[in-house]
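Please see the structure below; I have some questions.
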């Protein structure tokens, strides 16, 4: 969250200051030494080196070093959080805060007869431009369980079935979680807050269906799969047919490479025809995925043959001669 706050602040301000002052929070300062000496968090120093700013830690019990920060915190609470707003998610809250800050910037500057935004526009030239945001995350090595899950912060996230039992690197950011194996991202999920959440991507378990197609009926990743309505109708009708689970698995296997949109169109065509079987849906899907025939090229008159060659089948009679027969 600290890394994400810096990224958002620098993007909002349009640059990076030369110095940043911190009040010795644990995520920034690991150890307070004598005087101004500090042992900073290595991951935080990676952030500071990325943006090229100097972190400065306050002296404990020296309130004068922070100037009017405490008073400004009280003002911000009054301007933004009184009465306390409510939002469905943190994204809505952040969007509203950015909009509210721009509205407050239209107020008069406390020491000048100009709006705050106009004064800050002049000071922005002193900021260092942001070349690229810092990829801030905490990394942990974990082993994937036999059920293709990793446990992070009391929640479980799915991993592709082929990595079951293998060690992976989990990179936890503010709002997302990435799972890496051999320097390749193999899974990505939105981060869940709270406890005992199960986040499953049905595509991760598709190889399991090759051995156990019946999991389509009772498997947790597939029961709660929010499929498009035509695909859902075809699935329900196929599962009532003999070996329908195997037929739907084959459709999903092809749709994994081609995408869900062609499968949805194929299901719609089958439903309109009134005959829904695995073979018919598969035929419609393959027809949609077949590349179109190349267009006929219109040759200019100069490239056309003046005398087209004639087929001379008599040439093959020469090969029938006894001299050319091998025993």
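Readers should treat all values here as calculations from the given coordinates under stated rules, not as data from a laboratory. For clarity, every value in this text was computed on a predicted model and none was experimentally measured. Cβ placement follows ideal geometry from the backbone for every residue including glycine, while neighbour counts extend to all protein chains displayed.
Based on the Cβ-Cβ distance from residue 198 to residue 108, what FRET efficiency comes out when R0 is 56 Å, to the nearest 0.05?
Working: r = 52 Å, r/R0 = 0.94.
So the FRET efficiency works out to roughly 0.60.
Taking the simple approach of a point 7 Å from Cα along Cα-to-Cβ for both residue 256 and residue 128, what is their distance in nm?
Result for the modelled spin labels: 4.6 nm.
On to the next question. Which value at 222 nm does the chain reach when only helices count, each DSSP H run of 4 or more adding -39,500 (n - 2.57), with the total divided by all residues and rounded to the nearest 500 deg cm²/dmol? Walk me through the intermediate numbers first.
On the way: 13 runs with 128 residues, N = 327.
About -11500 deg cm²/dmol.
When a footprinting reagent is the concern and you count Cβ atoms within 10 Å, what order do 189, 218 take, fewest first? Before the final figure, lay out each step's value.
Details: 189 18, 218 9.
Going from sparsest to densest Cβ surroundings: 218, 189.
Using r as the Cβ-Cβ distance of residue 18 and residue 69, and R0 as 22 Å, what FRET efficiency do you calculate, to the nearest 0.05?
Calculated value: 0.75.
Against the longest alpha carbon principal axis of the chain, how many degrees, from 0 to 90 and to the nearest 10, is the axis of helix 2-13 turned?
Here the helix axis deviates by roughly 80 degrees.
In bins 10 Å wide, starting from 0, what share of all Cα pairs of segment 2-126 does each bin hold, as a percent?
10, 32, 38, 19, 1
With springs only between Cα atoms under 10 Å, which of 87, 13, 248 fluctuates most in a Gaussian network model of the chain?
Answer for the Gaussian network model of the chain: 87.
If I model a spin label as a point 7 Å beyond the Cα along the Cα-Cβ vector, how far apart are those points for residue 92 and residue 289 in nm?
Result for the modelled spin labels: 4.0 nm.
Picking from 310, 269, 206, which is most flexible by a Gaussian network model of the chain using Cα springs under 10 Å?
310
Right, something else. Quick one: Kirkwood hydrodynamic radius for segment 138-199, alpha-carbon pairs, angstrom, one decimal?
11.4 Å
Still on this structure, I have one more. Taking 0.36 nm per intervening residue step and subtracting the Cα-Cα distance, what contour gain separates residue 142 from residue 81 on full extension?
18.0 nm
Which angle between 0 and 90 degrees, to the nearest 10, do you get for helix 260-273 versus the longest principal axis of the chain when only C-alpha atoms count?
The angle comes out near 50 degrees.
How tilted is helix 278-289 with respect to the longest principal axis of the chain? Cα atoms for both, answer in degrees (0 to 90, nearest 10).
It is inclined by approximately 80 degrees.
Can you tell me which of 103, 140, 268 moves the most in a GNM of the chain? Springs connect C-alpha atoms under 10 Å apart.
103
At 7 Å along Cα-to-Cβ for each site, give me the label-to-label distance between residue 273 and residue 43 in nm.
In this crude label model, residue 273 to residue 43 measures out at 5.5 nm.
Taking N as the number of residues in segment 232-327, what is its Cα Rg relative to 2.2 N^0.38 Å? Walk me through the numbers on the way to the answer.
Details: Rg = 25.3 Å, N = 96, 2.2 N^0.38 = 12.5 Å.
Taking N as the residue count of segment 232-327, the ratio is 2.03.
Per 5 Å bin, what percent of the C-alpha pairs of segment 112-236 does each bin hold, from zero upward?
2, 9, 15, 17, 13, 10, 8, 6, 5, 5, 4, 3, 2, 1, 0
Once fully extended, how much extra length lies between residue 61 and residue 241, figured as 0.36 nm per residue of separation less the alpha-carbon to alpha-carbon distance?
Gain on extension, residue 61 to residue 241, equals 57.3 nm.
Exposure proxy check: 10, 40 ranked by fewest other beta carbons within 10 Å?
Taking fewest neighbouring Cβ atoms as first place, the list is 40, 10.
How would you rank 303, 271, going from fewest to most other Cβ atoms within 10 Å of each one's own Cβ? List each step's numbers first, then the result.
Details: 303 7, 271 16.
Starting with the residue having the fewest Cβ neighbours, the order is 303, 271.
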